[in-house]
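Colleague: Mind having a look at this structure? Questions to follow.
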Amino acid sequence: MSDGSDDEEPTRKTKLIPGTRLAALAAGGLPLALFDGGTGLGLGAALVYDAALVVGAALEARGLGRRAPEVERRMESRLVVGVPNTIVIRLRNVDARPVRVTVRDDLPPGWEADPGELRIDLPGHARREVSYTVVPPKRGRYRFGDLHLKLEGVARLGASVVAVPSGVDARVFPNVLGPRRYELAARLGDLAAEGFRSIRQSGGGGEFEQLREYVAGDAYRDLDWKSTAKRQRPVTRVFEQERSQTVILAIDAGRMMATRLGAITKLDHSINAALLLAWVALRKGDRVGLVVFGDQVRQFVPPGRGQGQYRKLLDALYSIEAEETFVDFRRFVEFVQIRQRKRALLVMFSDLLDEAHAMPLAEHAALLRRKHLAVCVTMHDPVAEGLADAPVEDAKAAYMRAAAADLLAEREHVKAHLNKSGVRLVEAPPGELAVATVNRYLEIKARRSL
């Protein structure tokens, strides 16, 4: 957890404002002024009455400002894009008198709190926590500002608004619920429910992993006879493959990946799929590395193992954004040839909808094929596919349909060229991209294609 408090007491800015009861109580002087019988005594009494209220309000507001509660913001060090994240506000009343507190937080531009204001009655010397949620719209680094407290006492004649310096940076990361969902399914032994295929290994060699009930096709040499006799039904030993392989995740961060498909961009969909693949591959004991490229290589994480490696990949990807540049695939291929000399599974996430953008990838893929097993991961574009099949009602619709059909034809041409170059292809709708990518990895792993 991280907070926005400093070691030294920050300078607070205080503003005095009327309390919620001041206007209503001040109106109570009107009858005195209206029904004074022409003597002027009622008007004078009303003025004295209202002056006393104003003085009382000022004194109450000033006292509240001096006795403002201590406050701090608490939140996770890593926020997640596109899902509710809880922000906790901790309050401590330093005075014996109760106070009503309304809290507002300065959020990064474009963010919205739910609820926008937090209200709580804080007894004397009490500690309380209130919270709100935010849904970060994008990955990256952002800045929270001050915390604003509106303080009201028992009389509620005067109030004080205190701005507490609480600036703190927040990092917003990709949605990693996919790996957690996979982990849960793995523990329950129900991978099929998440869409992951069960592919039989071509051989029983490896390190013993677990027992399960026999299914048709299991090798008899893998039967565990002791467990079979104990349970009175066939039980098979499952082995984890011993061979450790290298997986390089290569993510295109050029202009075509900035297109939004649903709530997030193509780049976000690719990052989510890459992180899920990394998580699964690391759990399988493989070494995983990363290359992010555009007109040049922007990020490189050498292959490594373990949960520490996953955190490195996450740190490298959380702030990556697509740039309005063409992609230099030649430079990317040369970089991989220099940095990864041993054979590896190279999983490239890119967009194939624009032939001018994607054809250089297909042309340079043959160089990668000489040493590595290359897989290109791309996603269907529902917008282009919908336009290509849309009914023609006017000239504009006919033009858009023809343009979409041309884009899809270019895509098929690029796919054919990739296939001719020996590059395997994973193509799926945006919401299914992560599972499709992991399934292809599991297939390659099971068949020992690498």
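The values are calculated or read from the model by the stated rules, or taken from the named source; none is laboratory data. Because the structure is predicted, anything quoted here is derived from the model rather than measured. Cβ: placed from backbone, ideal geometry, glycine included. Neighbour counts: every protein chain shown.
Colleague: Determine which single condition TRP279 fails, assuming it passes every other condition in (1) within 22 Å of ASN439 (Cβ to Cβ); (2) free of Cβ contacts under 8 Å to residues at least 40 places away in the same chain.
Modeller: With (1) within 22 Å of ASN439 (Cβ to Cβ); (2) free of Cβ contacts under 8 Å to residues at least 40 places away in the same chain applied to TRP279, the lone miss is (2).
Colleague: Just wondering, is there one or more residues in region 304-322 that are of a type in the set (Phe, Trp, Tyr), within 14 Å of the chain's Cα centre (by Cα) and closer than 20 Å to MET257 by Cβ?
Modeller: Within region 304-322, one or more residues are of a type in the set (Phe, Trp, Tyr), within 14 Å of the chain's Cα centre (by Cα) and closer than 20 Å to MET257 by Cβ.
Colleague: Output yes when any residue across region 44-61 is part of a helix (DSSP H, G or I) and at pLDDT 80 or above, and no when none is.
Modeller: yes
Colleague: Right, here's the next one. Which of the numbered conditions does PRO10 fail, given that it passes all the others? Conditions: (1) at pLDDT 65 or above; (2) closer than 30 Å to VAL135 by Cα.
Modeller: With (1) at pLDDT 65 or above; (2) closer than 30 Å to VAL135 by Cα applied to PRO10, the lone miss is (1).
Colleague: Pull out all pairs, ordered by first then second residue, where Cβ-Cβ is under 6 Å, the residues are six or more apart or on different chains, the first lies in region 329-344 and is in contact (Cβ under 8 Å) with a residue 60 or more places away in the chain, and the second is surrounded by fewer than 17 Cβ atoms within 10 Å (Cβ to Cβ).
Modeller: So the pair list comes out as ARG343/LYS371.
Colleague: Moving on to the next point. Does any residue of region 269-290 turn out to be at pLDDT 90 or above, surrounded by fewer than 22 Cβ atoms within 10 Å (Cβ to Cβ) and more than 21 Å from the chain's Cα centre (by Cα)?
Modeller: Scanning region 269-290 turns up at least one residue that is at pLDDT 90 or above, surrounded by fewer than 22 Cβ atoms within 10 Å (Cβ to Cβ) and more than 21 Å from the chain's Cα centre (by Cα).
Colleague: So, in region 366-381, of the ones that are under 17 Å from GLY254 (Cα atoms) and not polar (S, T, N, Q), which residue ends up farthest from the chain's Cα centre (by Cα)?
Modeller: Checked region 366-381; the qualifying residue farthest from the chain's Cα centre (by Cα) is CYS376.
Colleague: A follow-up question, please. Among the listed residues ASP381, ASP394, identify the single one that is of a type in the set (D, E, K, R), more than 27 Å from SER244 (Cβ to Cβ) and either at pLDDT 90 or above or crowded, with 17+ Cβ neighbours inside 10 Å (or both).
Modeller: ASP381
Colleague: Related question: Can you give me the number of residues within region 220-242 that are surrounded by 12 or more Cβ atoms within 10 Å (Cβ to Cβ) and at pLDDT below 70?
Modeller: 4
Colleague: Which pairs turn up if I take residues in region 289-316 that are assigned by TED's automatic domain parsing to the domain that holds SER270 and over 18 Å from ARG339 (Cα atoms) and look for partners that are assigned to a helix (DSSP H, G or I) and not polar (S, T, N, Q) with beta carbon separation below 7 Å, at least 6 apart in sequence or on another chain?
Modeller: GLY306/LEU282; TYR310/ALA278; TYR310/TRP279; TYR310/LEU282; LEU314/LEU275
Colleague: Which ranges mark the strands (runs of 3 or more DSSP E) fully within region 66-160 that have 3 or more residues being surrounded by fewer than 18 Cβ atoms within 10 Å (Cβ to Cβ)?
Modeller: 70-75, 85-92, 118-122, 127-134, 140-144
Colleague: So is GLN299 over 22 Å from the mean Cα position of the chain (by Cα) and of a type in the set (S, T, N, Q) or not?
Modeller: no
Colleague: Sticking with this one: Of the residues that sit in region 431-450 and are surrounded by 16 or more Cβ atoms within 10 Å (Cβ to Cβ) and of a type in the set (Lys, Arg), which one is farthest from THR378 (Cα to Cα)?
Modeller: The residue in question is LYS445.
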